[in-house]
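S.K.: One structure, as structure tokens, below. Some questions next.
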Amino acid sequence: MGTIIQTWWPRHPKTRVAPSAQEGVMVETGSTVPRRQLGRYLRDLRQQSGMTIAEVARRIERGASTVQRLETGEADRIRVGDVEALCQVLGASETETAALRGLAQRGNTKSWWHEYGDLIPANFDVYIGLESAAVTLTLFQELVPGLVQTADYTRALIRSVHLYDPDSEITRRVEMRMRRQVMITRRAQPAALDIVLDESALHRVIGNRRIMATQLRHLADVGTKPNITIRVCPTPPGCRWAIRPARSSFWTSPRTPMGRC
């Protein structure tokens with residue numbers, strides 16, 4: 001079973017109202033989510049105008065590939081001037097233009113995981129970006145999820161896959177996974193985490209018995225936090241699981257200045 005992602009997108013910028021300051025501290029979402037939001041809004045505006053990507057690109061004097069990358073959220077660098085020009089061509093209101101300009105500026109902010117870009121597989125930055133933007137996460141896995149792993153457990157798990165990588169690279173991979181855990185340990189509005197853990201994960205020794213003992217104690221400790229729930233699903237007698245564990249993830253994203261993402 002692959003990873004399942006649930007997100008919500010508004011139909012159009014004008015249909016959403018920005019949240020007030022009283023709704024709480026804004027959660028840092030990095031650059032991935034704002035870029036994808038911006039792309040969705042620009043695509044919606046273009047489709048409503050009836051114009052093609054080529055027509056829009058010609059009017060703002062940019063290549064069609066530039067407009068396409070903006071719409072798909074894949075632009076490495078977003079030119080605010082391009083977004084403003086698109087808004088003018090597509091007939092966006094002043095409010096919509098200001099909102100999209102803000103998304104463009106946020107989309108140019110590098111997220112913490114970009115320093116590990118050489119270790120992240122293609123498109124996995126989208127996964128991490130959506131994960132970091134979530135306010136609630138529900139996970140089902142047959143290994144201890146990365147968000148509640150100890151450093152030693154993570155290191156042993158990564159080493160079992162990357163057998164020939166240098167220790168320095170393994171250390172960076174461990175650091176990246178530990179930094180992902182900040183979203184559930186931060187003091188201000190930590191994300192809610194609900195884990196359904198297959199019983200086999202408690203018996204499958206990763207690394208050695210000392211590492212597993214420490215990992216199990218860590219699970220018991222984090223399970224007492226008010227924002228974390230850990231439930232164990234019993235393994236049916238005689239059931240043999242595949243070597244490659246299945247996992248499912250359901251994420252609920254927070255409100256942003258433009259609505260939900």
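The values are calculated or read from the model by the stated rules, or taken from the named source; none is laboratory data. The structure presented is a predicted model; accordingly, all values stated were derived computationally and were not measured. Note that each Cβ is placed from the backbone with ideal geometry, even for glycine, and that neighbours are counted across all protein chains shown. Side chains included, ligands, DNA and RNA excluded: accessible areas come from the protein's heavy atoms. Shrake-Rupley method; radii C 1.70, N 1.55, O 1.52, S 1.80 Å.
S.K.: Give the residue that is most open to solvent (accessible area, probe 1.4 Å), with candidates limited to residues of region 82-94 that are more than 13 Å from VAL56 (Cβ to Cβ) and modelled with pLDDT under 90.
M.R.: GLU94
S.K.: Between a residue in region 65-90 that is more than 16 Å from ARG46 (Cβ to Cβ) and any residue that is open to solvent by 60 Å² or more (accessible area, probe 1.4 Å), which pairs come within a Cβ distance under 7 Å, given they are 6 or more apart or on different chains?
M.R.: VAL80/ARG101; VAL80/GLN105
S.K.: Restricting to region 188-205, give me the number of residues that are free of Cβ contacts under 8 Å to residues at least 40 places away in the same chain and either among the β-branched types (Val, Ile, Thr) or more than 19 Å from LEU219 (Cα to Cα) (or both).
M.R.: Adding up the residues that qualify gives 1.
S.K.: Looking at (1) more than 24 Å from LEU137 (Cβ to Cβ); (2) in a helix (DSSP H, G or I); (3) of a type outside the set (Ser, Thr, Tyr); (4) open to solvent by less than 50 Å² (accessible area, probe 1.4 Å), which is the one condition that is false for MET183?
M.R.: Every listed condition holds for MET183 apart from (1).
S.K.: Residues in region 163-190 that are more than 16 Å from GLN149 (Cα to Cα) and in contact with a helix residue (DSSP H, G or I) (Cβ under 7 Å, 6 or more places away or on another chain): how many?
M.R.: Qualifying residue count for the region: 1.
S.K.: Failed condition for ALA201, given (1) within 19 Å of THR138 (Cα to Cα); (2) touching a Ser or Thr at 6+ places or on another chain (Cβ under 7 Å); (3) in a helix (DSSP H, G or I), with all others met?
M.R.: All conditions are met except number (2).
S.K.: Output the number of residues of region 47-85 satisfying the condition of being aliphatic (A, V, I, L, M) and under 16 Å from ARG36 (Cα atoms).
M.R.: 6
S.K.: May I pose another question? Those residues that are within 17 Å of the chain's Cα centre (by Cα) and of a type in the set (Val, Ile, Thr), I need them from region 155-186; list them, please.
M.R.: Scanning region 155-186 gives VAL182, ILE184, THR185.
S.K.: Name the single residue, out of those in region 163-177 being hydrophobic (A, V, I, L, M, F, W, C) and within 16 Å of GLY207 (Cβ to Cβ), that is surrounded by the fewest Cβ atoms within 10 Å (Cβ to Cβ).
M.R.: LEU163
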